[in-house]
1. So what's the convex hull volume per residue for the Cα atoms of the range 131-239, in Å³?
2. By how many degrees, between 0 and 90 and to the nearest 10, does the Cα long axis of helix 112-123 differ from the longest principal axis of the chain?
3. Thinking of the range 13-127 as a set of Cα atoms, what percent of all their pairs are more than 20 Å apart?
4. Could you pull out the chymotrypsin sites (Phe, Trp or Tyr not before Pro) across the range 1-64 that fall in loop regions by DSSP (anything but H, G, I, E, B) with no more than 14 other Cβ atoms inside 10 Å?
5. Under the 0.36 nm per residue contour assumption, what length would be gained going from the current alpha-carbon distance of Arg23 and Glu237 to full extension?
6. For Lys53, list the lysines whose Cα falls under 19 Å from its own Cα; do not include residues on the same chain fewer than 8 positions away.
7. What's the tally of Lys pairs in the range 192-324 whose alpha-carbon atoms lie under 27 angstrom apart, where the two lysines are 8 or more places apart or on different chains?
8. Let me know the charge dipole size of the range 131-239 about its Cα centre in debye, to the nearest 20, where only the beta-carbon of Lys, Arg (+1) and Asp, Glu (-1) is charged.
Amino acid sequence: MSKFNFPFISETKELSNLRKEVRKFISEALINKEFEPAADGWVFSANPNFSKKLGSKGWLGMSFPKKYGGNEKTALERYIVTEELLASGAPVAAHWIADRQSGSQILRYGTEEQKQSIIPKITSGECFFAIGMSEPDSGSDLASVKTKASKSDDGWILEGRKIWSTGAHISNYMIVLARTSPASEKNRHEGLSQFLVDLSLPNIDIKGIPDMSGQRHFNETLFDKVKLPKDALLGSEGKGWEQVVGELALERSGPERFLSHFCLLESFINQFRHVLVKSGSQLIGRLIAELQTLRRMSFSVASMLQNGESPETQAAFVKELGNRFEKMMVESLREFSNIIPLYEWPNQLQNLFEDATLRIPSNSLRGGTTEIMRGIIARQLGLR
């Protein structure tokens, strides 16, 4: 059994000052009505102009090298900014994936030309990315992907389709996981490679998938013999699985795993404080205690990533417990709300509640299903 933990990381004065700066920025944006808080803002609420404004503040690609437009800030500084944006329900979906993971993948595996042409656009909030991992018949089992890339005289031919590609309809690029050679009997993950795909290329068809609210933030992306240049191969051929594992650690451990609906909790407390003081203090106390625990765990993972570690198991813990918390939070608030007269509900809070209720079911799928997360944890504990 391997040992793992979540080292306690305290917030420095510099981080606290940064937090105050971000809160001031958000407060002014709300006063100026630049956005309305939304549940799951990192998935469902995209505002390219707001993303550009964040870029002008130096809050996108914060840890990227200065020569590519970044600020060489720490992972903890970036964490503070993303945490505050998520808590406020800000419209960050447009740039989220590029800032969180795609930019880092290009910096690690991309060519110098790709770094110089793409990374500065990410940091300025002008270049957006989608994830190309899941397929209709290959959800969390990425070893079974059927999308394939074959070598041609001048590059690659990409064929297949990806599903649940959040934001693909507004994205410029997608990093696609495809099979470039057959898997071996001993290792199903062999023969996978990643490709940097320009979504403006011919023979790419992006179709919206409506969610339960009727909105189309998810997509199915079809690649019909798409011609890719040689340098579209990201990293090494056949090393796609190793590259994806590192990318998933970035995807699974962030504060979005438990703060997606924080704006609902905050609005609920502010609106119904008079009722909660009398009969809901135990409920709110339990929610805040769990939230604080998750926040410390996630902050610890950010510190590990900053130190060059690969906290795959810790990230799985954060995602699994974070998904469970958000589901429990929404259900608990809904049950408690039965004692509150309908006329006391402002429209904005009603909308937040409705959106959260409809979107919670999809939380357990993003970045890997609950079963996959528990499998990772069980293997680390020596239970399977």
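Only the coordinates and a few stated rules stand behind these numbers; no lab work does. Note that the coordinates shown come from a computational prediction; the quantities given were computed from them, not determined experimentally. So basically every Cβ, Gly included, is an ideal-geometry build from the backbone, and we count neighbours across all protein chains shown.
1. 90 Å³
2. 20 degrees
3. For the range 13-127, the share of Cα pairs beyond 20 Å comes to 37 percent.
4. Passing sites in the range 1-64 are Phe4, Phe8.
5. Full extension of this stretch gives 72.7 nm more.
6. Qualifying lysines at Cα under 19 Å: Lys20, Lys24, Lys33, Lys66, Lys73, Lys121.
7. Values: Lys207/Lys225; Lys207/Lys227; Lys207/Lys230; Lys225/Lys239; Lys227/Lys239; Lys230/Lys239; Lys239/Lys319.
Number of lysine pairs found: 7.
8. So the dipole magnitude of the range 131-239 works out to roughly 80 debye.
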